[in-house]
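First comes the structure, then the notes that go with it.
The values are calculated or read from the model by the stated rules, or taken from the named source; none is laboratory data. Quick caveat, the model's predicted, so the values are computed rather than measured. Cβ placement follows ideal geometry from the backbone for every residue including glycine, while neighbour counts extend to all protein chains displayed. Note: areas computed on protein heavy atoms with side chains; ligands, DNA, RNA excluded. Shrake-Rupley method; radii C 1.70, N 1.55, O 1.52, S 1.80 Å.
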Amino acid sequence: MAGITEFSGKTAVVTGGASGIGFAMARRFLEEGMRVAIADVEQSALDTAVRELSAFGDVMGKRTDVRSVGDLEALAEAVLGTYGRIDVVCNNAGVETGGSFLSIPEEAWRWVMNVNFFGVLNGCRVFLPLLEAGGGGHIVNTASVAAFSSGTATMTPYCASKFAVLGMSESLEVELRTAGSPVGVSLLAPGPVKTRMVDAERNRPADVPLATEPGRVAVMERLAATTAEVGMDPAEVAGQVLDAIRTNTFFVLTHPEMAQAGVQRRLDWMATGTPPPARQAGK
Ligand SMILES: NC(=O)c1ccc[n+]([C@@H]2O[C@H](COP(=O)([O-])OP(=O)(O)OC[C@H]3O[C@@H](n4cnc5c(N)ncnc54)[C@H](O)[C@@H]3O)[C@@H](O)[C@H]2O)c1
């Protein structure tokens with residue numbers, strides 16, 4: 001199946017669109033002449049983003065918590081009411097918290113899984129029927145290199161959530177291709193990108209404590225430093241996503257060498273029986 005070659009006049013929906021990679025994808029879609037709906041849980045950031053993105057084209061914002069199927073259904077209804085069609089859906093919202101295994105409370109696990117995995121799943125379940133009914137389209141699910149690389153100290157919930165996004169998205173893509181569906185799927189798996197992700201706990205629910213274990217804080221400080229130093233510009237990621245939609249390419253790997261090294265570590269582990277040492281975040 002060919003990808004989307006003409007973007008002008010089409011509509012994109014981007015969750016987590018108020019910041020970082022989501023904001024950059026929204027801007028790029030607007031520059032291609034698309035109409036864009038950004039959805040985000042952070043109302044003030046959403047308002048600011050809509051104002052800024054208005055300089056590039058026709059954009060609407062709707063406060064949406066991707067953990068809620070009802071919020072996503074209301075988003076779909078609002079976008080169809082305003083723009084009349086939906087062609088591209090980026091299930092991109094994501095969060096991170098963690099620590100050493102037994103220090104992580106159940107509420108933190110549920111928050112990360114509910115946003116990172118169920119948020120993406122909810123988006124697929126709500127928007128896929130609408131894309132198929134509209135004659136076709138493309139879904140972009142944001143995972144991470146953490147979907148290929150286990151064993152990063154203190155980031156176990158994040159890793160588990162992104163493995164789940166990978167497994168679900170690969171299986172969805174295979175099923176849709178087998179069925180000859182007019183909807184394509186891409187899996188965006190970024191390495192370090194300059195965004196607000198290291199400050200993801202700003203959106204944690206009231207029942208999720210701030211992760212303050214010294215080992216955890218040190219990991220996050222290192223990750224923040226690495227990302228600031230070598231992180232990719234989100235605009236470059238957005239360009240790669242656009243190319244993947246155009247060519248209907250499944251894997252969008254911003255740092256392919258990191259993804260492949262993560263898979264290789266696990267293949268070596270399977271072959272030798274020796275678990276690898278802990279990884280350092282961002283490496
Ligand atoms: N930045 C990186 O280095 C990196 C690396 C790998 C993967 N990712 C993934 O990229 C995606 C985008 O993150 P980013 O790096 O742009 O970070 P970011 O923090 O800049 O943006 C994430 C956005 O998601 C929103 N959000 C959080 N919870 C939400 C919810 N429940 N419902 C709706 N919106 C919600 C936030 O308000 C924020 O605007 C995430 O899925 C993240 O896991 C980022």
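Can you give the relative contact order of the range 1-79 as a percent, counting alpha carbon pairs under 8 Å and 6+ residues apart?
Result for the range 1-79 is 27 percent.
How far is the Cα center of the range 212-253 from the Cα center of the range 129-170, in Å?
Computed from Cα coordinates, the inter-centre distance equals 14 Å.
In whole Hz, with x marking every Gly and Pro, tabulate ³J(HN,Hα) for the range 28-43 from phi via Karplus 6.51 cos²θ - 1.76 cosθ + 1.60, θ = phi - 60°.
So the J values, rounded to whole Hz, are 5, 4, 4, 5, 8, x, 7, 9, 10, 10, 9, 10, 7, 7, 9, 4.
Using a probe of 1.4 angstrom, how much of the accessible area of the chain is carbon and sulfur, in percent? It would help to have the intermediate numbers written out before the result.
Working: 6690 of 12120 Å².
In the chain, the share of accessible area belonging to carbon and sulfur is 55 percent.
Using θ = phi - 60° and the Karplus form 6.51 cos²θ - 1.76 cosθ + 1.60, what ³J(HN,Hα) does each residue of the range 154-167 get, whole Hz, x for Gly and Pro?
6, 10, 4, x, 4, 4, 4, 5, 6, 4, 5, 4, 4, x
Counting only other residues whose beta carbon sits under 10 Å from that of ALA49, what net charge do I get with K and R as +1, D and E as -1?
Residues near ALA49 contribute -2 overall.
Leaving out same-chain residues fewer than 8 places away, which aspartates and glutamates sit with a Cα under 14 Å from that of LYS162?
Here the aspartates and glutamates satisfying the reach criterion relative to LYS162 are GLU96, GLU170.
For the range 11-272, calculate the relative contact order in percent as a whole number, restricting contacts to Cα pairs under 8 Å that are 6 or more residues apart.
Contact order relative to length: 20 percent.
Which ³J(HN,Hα) values in Hz, rounded to whole numbers, follow from the phi angles of the range 273-280 under the Karplus curve 6.51 cos²θ - 1.76 cosθ + 1.60, where θ = phi - 60° and Gly and Pro get x?
Listing the rounded values in order: x, 9, x, x, x, 4, 8, 9 Hz.
Near the amide H of VAL66, under 5 Å away, which other amide H atoms are found, from residues 5 or more places off or on another chain, if H is placed in the peptide plane?
When sequence neighbours closer than 5 places are left aside, there are no close amide H contacts.
What does the charge add up to near SER186, with Lys and Arg as +1, Asp and Glu as -1, over the other residues with Cβ less than 13 Å from its Cβ? Intermediate results must be reported in sequence, preceding the final value.
On the way: positive: ARG177, ARG246; negative: GLU170, GLU173, ASP243.
My count for the surroundings of SER186 gives -1.
Using mean Cβ contacts within 10 Å as the protection proxy, how do 183-191, 239-247 order, highest first?
183-191, 239-247
For MET60, what residues show an amide H to amide H distance below 5 Å, using hydrogens built from the backbone and excluding near sequence neighbours?
Placed amide hydrogens put VAL36, ALA37, ILE38 under 5 Å from MET60.
Can you give me the three principal axis dimensions of the range 75-148 from its C-alpha atoms, in Å, biggest first?
48, 25, 16
Under a 5 Å amide H to amide H cut-off, with H placed in plane at 1.01 Å, what residues pair with CYS90 once short-range neighbours are removed?
VAL13, VAL14, THR15, VAL140
Size of the dipole of the chain about the Cα centre, Lys and Arg at +1 and Asp and Glu at -1 on the beta carbon, nothing else charged, in debye to 20?
Using only the charged Cβ atoms, the result is roughly 280 debye.
At q = 0.10, 0.14, 0.20 Å⁻¹, what is the base-10 log of I(q)/I(0) for the range 174-283 according to the Debye formula with one equal point scatterer per Cα and no solvent? Please give it to two decimals.
-0.45, -0.83, -1.13
Need the list of aspartates and glutamates near LYS62 for cross-linking: C-alpha distance under 18 angstrom, and skip anything on the same chain fewer than eight residues off.
Result set, ordered by chain and number: ASP40, GLU42, ASP47, GLU52, ASP71, GLU73, GLU77, ASP87.
Sort largest first and round to whole Å: the equivalent ellipsoid semi-axes of the chain, each the square root of five times a Cα gyration tensor eigenvalue. Each step should come with its number before you reach the end.
Numbers: eigenvalues 178, 93, 60 Å².
Largest first, the chain gives 30, 22, 17 Å.
Express the accessible area of the chain per residue in Å², computed with a 1.4 Å probe while the remaining protein chains stay in the model.
It amounts to 43 Å² per residue over the chain.
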